[in-house]
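Below: the structure, in structure tokens.
The values are calculated or read from the model by the stated rules, or taken from the named source; none is laboratory data. Keep in mind it's a predicted model, so treat the numbers as computed, not measured. Glycine gets a Cβ as well: all are built from the backbone with ideal geometry, and neighbour counts include every protein chain shown. The area values use the complete protein model at the heavy-atom level, side chains included, leaving out ligands, DNA and RNA. Shrake-Rupley method; radii C 1.70, N 1.55, O 1.52, S 1.80 Å.
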Amino acid sequence: MIAFAIDASFNAVSMSFFKESDVIYDMFADSKQTHSKVLVGLMDCALRATALTLDDIDELYCSIGPGNYTSLRVLAATVKGLFFQKNVNVYAVNTFDLVAAGYRYKSSEFTVVSPVFAHQVKCLDYVYSNGIIERNSDIYIKDESEIMQQEGVKISPVKSDYADKVLPLSKNVFRVNKKFINKAELGLLSPIY
């Protein structure tokens, strides 16, 4: 089984290929160009580096946000276009779950927070116990000033004054709790903004 995981929910792009659940290729690119200009080219480079084709991919794990509106729309449109006629199982992955899976658990409880938009941040609380990451809340919104004063460990996919930066890397997709990864229909893959 060959799996392909991709995240482009913010300015950077992360993509990985897996054979079973072992990483066989991992790439991270933080480009100043828009995803619409670089995403297909980066995917082509990854396919060439692995000597794979789109037909070789059995499973697609696509980050659906929360994240930047345009980045998520470009990602969804790109994977829909490339995999439209392919026989592939599609899975939607919450960006915050990818961030949580990359955290190295300095604390058993932590909050993933989004970048600030209109003085507000989206938040999702997690608990790490016995090797398993569990969500401890649904996504909620707080004012920027509230999150800065909130006690506890906070992590974010972008640099901020109130949280440690942890990137939503595609190579961590198999560290995400399986109950949070949703099987999806490719044509209905919808971002969470």
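How much accessible area per residue does the chain have, in Å², with a 1.4 Å probe?
Details: 9910 Å² over 193 residues.
Dividing the accessible area of the chain by its residue count gives 51 Å².
Quick check: net charge around Phe84, other residues with Cβ under 14 Å of its Cβ, Lys/Arg +1 and Asp/Glu -1? Could you put the intermediate results ahead of the total?
Values: positive: Lys80, Lys86; negative: Asp55, Glu185.
Net charge around Phe84: 0.
About its Cα centre, what dipole magnitude does the chain give when the only charges are +1 on Lys and Arg Cβ and -1 on Asp and Glu Cβ, stated in debye to the nearest 20? Can you show the working numbers first?
Working: 20 positive and 22 negative charges, 55 e Å.
About 260 debye.
Counting pairs of alpha carbon atoms under 8 Å apart in space and at least six apart in sequence, what relative contact order in percent does region 71-193 give?
Details: 194 pairs, mean separation 40.9, N = 123.
Rounded, it is 33 percent for region 71-193.
Sort His119, His35 from largest to smallest accessible area, using a 1.4 Å probe on the heavy atoms of the protein chains. Provide the component values of the computation, followed by the final result.
Numbers: His119 135, His35 15 Å².
Order by accessible area, largest first: His119, His35.
If you scale each eigenvalue of the Cα gyration tensor by 5 and take the root, what three semi-axes come out for region 1-133, rounded to whole angstrom and sorted largest first? Mind dumping the intermediate values first?
Working: eigenvalues 136, 75, 33 Å².
Gyration-tensor ellipsoid for region 1-133: 26, 19, 13 Å.
Which of Ala8, Ser36, Tyr25 sits closest to the plus end of the dipole of region 1-45, meaning its Cα is farthest towards the positive end, when Lys and Arg get +1 and Asp and Glu get -1 on the C-beta?
Towards the positive end, the residue furthest out is Ser36.
Under unit Cβ charges (Lys, Arg +1; Asp, Glu -1), what dipole magnitude, rounded to 20 debye, does region 15-54 have relative to its Cα centre? Before the final figure, lay out the partial values.
Values: 4 positive and 5 negative charges, 46 e Å.
For region 15-54, the charge dipole is close to 220 debye.
When the chain is modelled as a GNM with alpha-carbon springs shorter than 10 Å, which of Ile155, Ile64, Ile139 fluctuates the most?
The residue with the greatest mean-square fluctuation here is Ile139.
Given only helices, namely DSSP H runs of n ≥ 4 each adding -39500 (n - 2.57), what is the per-residue ellipticity at 222 nm of the chain, to the nearest 500 deg cm²/dmol? List each step's numbers first, then the result.
Details: 4 runs with 45 residues, N = 193.
That comes out to -7000 deg cm²/dmol.
In straight Cα distance, which lysines are under 20 Å from Lys183, not counting same-chain residues fewer than 8 positions off?
Within the straight-line cut-off, Lys183 pairs with Lys19, Lys80, Lys86, Lys171.
Ignoring ligands, DNA and RNA, what percent of the accessible area of region 1-140 is carbon or sulfur (1.4 Å)? Numbers along the way, then the final one.
Details: 3250 of 6720 Å².
Carbon and sulfur atoms account for 48 percent of the accessible area of region 1-140.
So how far, in whole Å, is the C-alpha centre of region 49-97 from the one of region 101-125?
If we compute the Cα centre of each part, the gap is 23 Å.
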